[in-house]
1. Dipole size in debye (nearest 20) for the chain around its Cα centre, Lys and Arg Cβ +1, Asp and Glu Cβ -1?
2. Check each of the GluC sites (Glu not before Pro) in the stretch 186-264 and keep only those in coil by DSSP with at most 14 other C-beta atoms within 10 angstrom; list them in order.
3. Which percent of Cα pairs goes in each bin when the distances of the stretch 143-204 are cut into 10 angstrom slices starting at zero?
4. Select from SER178, VAL68, PHE162 the residue farthest towards the positive end of the dipole of the chain; place +1 on Cβ of Lys and Arg, -1 on Cβ of Asp and Glu, and compute about the Cα centre.
5. Per DSSP H run of n ≥ 4, the term is -39500 (n - 2.57); total these for the chain, divide by its residue number, and report the mean residue ellipticity at 222 nm rounded to 500 deg cm²/dmol.
6. Roughly to the nearest percent, how much of the accessible area of the stretch 130-264 is carbon and sulfur, given a 1.4 Å probe?
7. For the stretch 79-140, run through the GluC sites (Glu not before Pro) and keep only the ones in DSSP coil with at most 14 other Cβ atoms within 10 Å of their Cβ.
8. Would you work out which of GLN118, THR59, THR87 lies farthest towards the positive end of the dipole of the stretch 13-127? Charges go on Cβ: Lys and Arg +1, Asp and Glu -1.
Amino acid sequence: MPFAFCTREKQPWCEFAEDAETGPTTQFVQKLARQFGMVILSPILERDGVHGDTLWNTTVVVGTSGNVIGKTRKNHIPRVGDFNESTYYMEGNTGHKVFNTKFGKIAINICYGRHHPQNWLMYGINGAEMVFNPSATIGGLSEPLWPIEARNAAIANSYFTFAINRVGTEIFPNEFTSADGKPAHRDFGHFYGSSYAAAPDGSRTPGLSRTNDGLLVTEIDLNLCRQAKDNWGFRMTQRLDLYAESLTKAIKPDYKPDVVDENL
Ligand SMILES: NC(=O)NCCC(=O)O
């Protein structure tokens, strides 16, 4: 749902915001999860009534008995092209939760979060075996990056990733500009689908269609996560201590980049 509206218009779209635990979408999904014995990841526009009616881009995780296991909020909010999502919702405050489900340890890296390697990293640190990336992105913007980012994250973090993108083209009722000096327009560009799954050994499935809705059914062996760790040692050699120390320094306002100038 958060990906159905990406212009600057708030109305009527904000009216679709709902409670993560009790809203109509969650109730609908709970029935399906129970009926089919599935774990369902349900992206919604969340209305947080407890905290000033704040809006969040949230994915709700529903277990096989229809129980809400938890939720994760989008950490990184795009300000690129026509994706002006900071107009609608705030940077997430749920960290990098991993949900230990009947089918394995899962996490959700929402859409634009896939451009941030440290976001993927933290889900791995918290023990994720599968990280899902529900997205809505268009050809002109991100298609060259699409086959690379989630696949690379699977390799770097020794877990499975699932890059999921919608298809179609939205035509909005009112014109808007892309803040690039070009004429106003009403279309958003083509959402190119191409969803795929990637494994910690670097293999991946074929992508789904660029134009039609699709369902990707794939069998995965979670043992591959540990086998990849033992084989490559990426996790063992990642030197978190080194980076924790460097990053602690780098975020200070008076940080001086560690550059050695050539003495000319
Ligand atoms: N919905 C969303 O975060 N889109 C941003 C575009 C992208 O990351 O490719």
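The values are calculated or read from the model by the stated rules, or taken from the named source; none is laboratory data. Just so we're clear, the structure is a prediction, and the values are computed from it rather than from any experiment. Cβ: placed from backbone, ideal geometry, glycine included. Neighbour counts: every protein chain shown. Keep in mind that these areas ignore ligands, DNA and RNA; they rest on the heavy atoms of the full protein, side chains included. Shrake-Rupley method; radii C 1.70, N 1.55, O 1.52, S 1.80 Å.
1. In total the dipole reaches around 560 debye.
2. GLU219, GLU262
3. So the P(r) values, bin by bin, are 21, 32, 23, 18, 5.
4. VAL68
5. -6500 deg cm²/dmol
6. Taking all protein chains in place, the stretch 130-264 shows 55 percent carbon and sulfur surface.
7. For GluC sites (Glu not before Pro) across the stretch 79-140 that sit outside H, G, I, E and B with at most 14 neighbouring Cβ atoms in 10 Å, the list reads GLU91.
8. Positive-most Cα among the choices belongs to GLN118.
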